[in-house]
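Only one structure is covered here, and it is reproduced in the block below.
Every number in this text was worked out from the coordinates using simple rules, so none of it is lab data. Just so we're clear, the structure is a prediction, and the values are computed from it rather than from any experiment. Neighbour counts are summed over all protein chains in view; Cβ atoms, including those assigned to glycine, are modelled from backbone coordinates with ideal geometry.
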Amino acid sequence: MKFWVAVIGASVAGFALKWIGYVIPERWLANPRITAATAMVPVALLSALVAVQTFTGAGGRLEVDARAVGLVAAALLLWRKANFLVVIIAAAAITAAARAAGLF
Amino acid sequence: MITLPGVSADPDVSPLSGTVERASAKRQALSVGLATGLYGISFGALATTSGLSIIQAQILSLVLFSGGSQFAVVGVLGAGGSAASAIATSSLLGARNTFYALRMAQILDVRGWRRLGAAHLTIDESTAVGTAQGSVMAQRLGFWLTGVTIFAGWNLMTLAGSVAGNSLGDPKRWGLDAAASAAFLALLWPRLTARPAQVLAAAAVVIALSTSPFLTSGVPVILTIIAAFAVAAWVTRRRVAPRERRAR
């Protein structure tokens, strides 16, 4: 029963959180400063997400492991203007290799 | 030099032609969609080993449909936590979707059933691919195609993972977790040529990493919205200031 309450409750809340963003009246966001902020929010959230996904482990503790090796490789390839798919595949392969080699 | 997609911050002055732009949006959407969809296997496997039924795991992937939130529900329940705690933790991680939705609502301009669909597909990946494109048409294509591809892949792989369990292997062994971060970085990359975006990204990384050991998961990422507002205030003031000076 507890599991069902959690599954249904989290699903309803999760959809509601997405829906709210689409039904907030446009005039609330008409201020140029708010419009500029809304356009910039994805950059902030996604940058933070990359950092958290790569450099934190259990309990939010900072960690540097094979994921960091993959991300650095991705950054170098992007800097060298590599193709999108090449960057993703290389990051995965290098992370997998670092893990398999037990480097971290 | 080949121009990367989404180089221009202004959707109307894209350096790429429409066809090239759409092809690029499509390629990015499909690669991100496939890599993320495959990861559903680890969600399905973790859900059932944590005590959820196959149907419960599938409802989370079908209805909650937000990776971080889904792993949170399973993690809390698997550790013996209460339903309320599972819902709260999941919602903290899902709160960033509200902010993605605010942005995507401006780009997609959808009503009725399409708005329901757009809301449902509003997650990290679809927003990342959508906002990375240089024209509104490519932004819309990138968002919808990424969302639909992930929805299909994620749900199929959830089922595969929850039925077969860990026997299919851990996607981490293939480095799929790093592939997701690399994809986000690649999508952000062209936008990081402008100074305000660079400052914002650096501030966001510092805020998220420095608060992550102390705050519950989801909150460190959401906190970076403060930085977005600060940079937006700085940019709009810079843009408005010369006009005000002329007026005087």
Estimated distance in nm for a label pair at B:A23 and B:T49, the labels positioned 7 Å out from Cα along Cα-to-Cβ:
4.3
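Please pull out the direction-averaged projected area of chain B, using the convex hull of its alpha-carbon atoms, in nm² to one decimal place.
Numbers: hull surface 65.7 nm².
If I average the Cα hull's projected area over directions, I get 16.4 nm².
Given Cβ point charges of +1 (Lys, Arg) and -1 (Asp, Glu) and nothing else, what value in debye, to the nearest 20, does the dipole of chain B about its Cα centre take? Provide the component values of the computation, followed by the final result.
Details: 20 positive and 9 negative charges, 216 e Å.
So the dipole magnitude of chain B works out to roughly 1040 debye.
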Putting +1 on Lys and Arg Cβ atoms and -1 on Asp and Glu Cβ atoms, find which of B:L34, B:Q133, A:W19 reaches farthest to the positive end of the dipole of the protein assembly as shown.
B:Q133
Radius ratio Rg over Rh of chain A, counting only Cα atoms, Kirkwood formula for Rh
1.12
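How would the protein assembly as shown be classified by its alpha-carbon gyration tensor: rounded, prolate or oblate, with rounded meaning a/c under 1.5 and the a/b versus b/c comparison settling the rest?
Details: a/c = 1.58, a/b = 1.33, b/c = 1.19.
Prolate is the answer for the protein assembly as shown, as a/c is 1.5 or above and a/b outweighs b/c.
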Quick one: helix A:66-79 against the long Cα principal axis of chain A, what's the angle to the nearest 10°, folded into 0 to 90?
90
How high is the relative contact order of chain A, in percent, with contacts defined as C-alpha pairs under 8 Å that are six or more residues apart?
18
Springs between alpha-carbon pairs under 10 angstrom, Gaussian network model over chain B: which of B:A95, B:A138, B:A29 fluctuates most?
B:A95
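Given Cα positions, please report Rg to Rh for segment B:127-205, the hydrodynamic radius being the Kirkwood one. Walk me through the numbers before you get to the answer.
Working: Rg = 16.2 Å, Rh = 14.9 Å.
Rounded to two decimals, Rg over Rh is 1.09.
What is the local net charge at B:T216, summed over the other residues whose Cβ is closer than 15 Å to its Cβ (Lys, Arg +1; Asp, Glu -1)?
Local net charge: +2.
B:F43: net charge of surrounding residues, Cβ under 15 Å, Lys/Arg +1, Asp/Glu -1, itself excluded?
Working: positive: B:K172; negative: B:D124, B:E125, B:D170, B:D177.
So the surrounding residues net to -3.
Would you mind calculating the relative contact order of segment B:18-172 from Cα pairs under 8 angstrom and at least 6 residues apart, reporting the percent as a whole number?
On the way: 216 pairs, mean separation 70.7, N = 155.
Taking the mean separation of contacting Cα pairs over the length of segment B:18-172, I get 46 percent.
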Degrees between helix A:2-23 axis and first principal axis of chain A (Cα, 0 to 90, nearest 10):
70
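Are there chymotrypsin sites (Phe, Trp or Tyr not before Pro) in segment B:152-239 that DSSP puts in a loop and that have at most 14 other Cβ atoms within 10 Å, and which ones? Show your work: numbers first, answer last.
Numbers: sites: B:W154, B:W174, B:F184, B:F214, B:F229, B:W234; in loops: B:F214.
Loop-located and lightly packed - B:F214.
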Taking a spot 7 Å from the Cα of A:L62 along the direction of its beta carbon, which residues of segment B:196-216 have an amide N less than 13 Å from it?
B:205-214
Between the Cα axis of helix B:176-188 and the main Cα principal axis of chain B, the angle (0 to 90°, nearest 10) is 10
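How many Cβ atoms of partner chains, on average, are near each residue of B:88-95 if near means within 10 Å of its Cβ? Before the final figure, lay out each step's value.
On the way: counts 3, 2, 8, 6, 1, 3, 7, 4.
For this peptide, the per-residue mean of nearby foreign Cβ atoms is 4.
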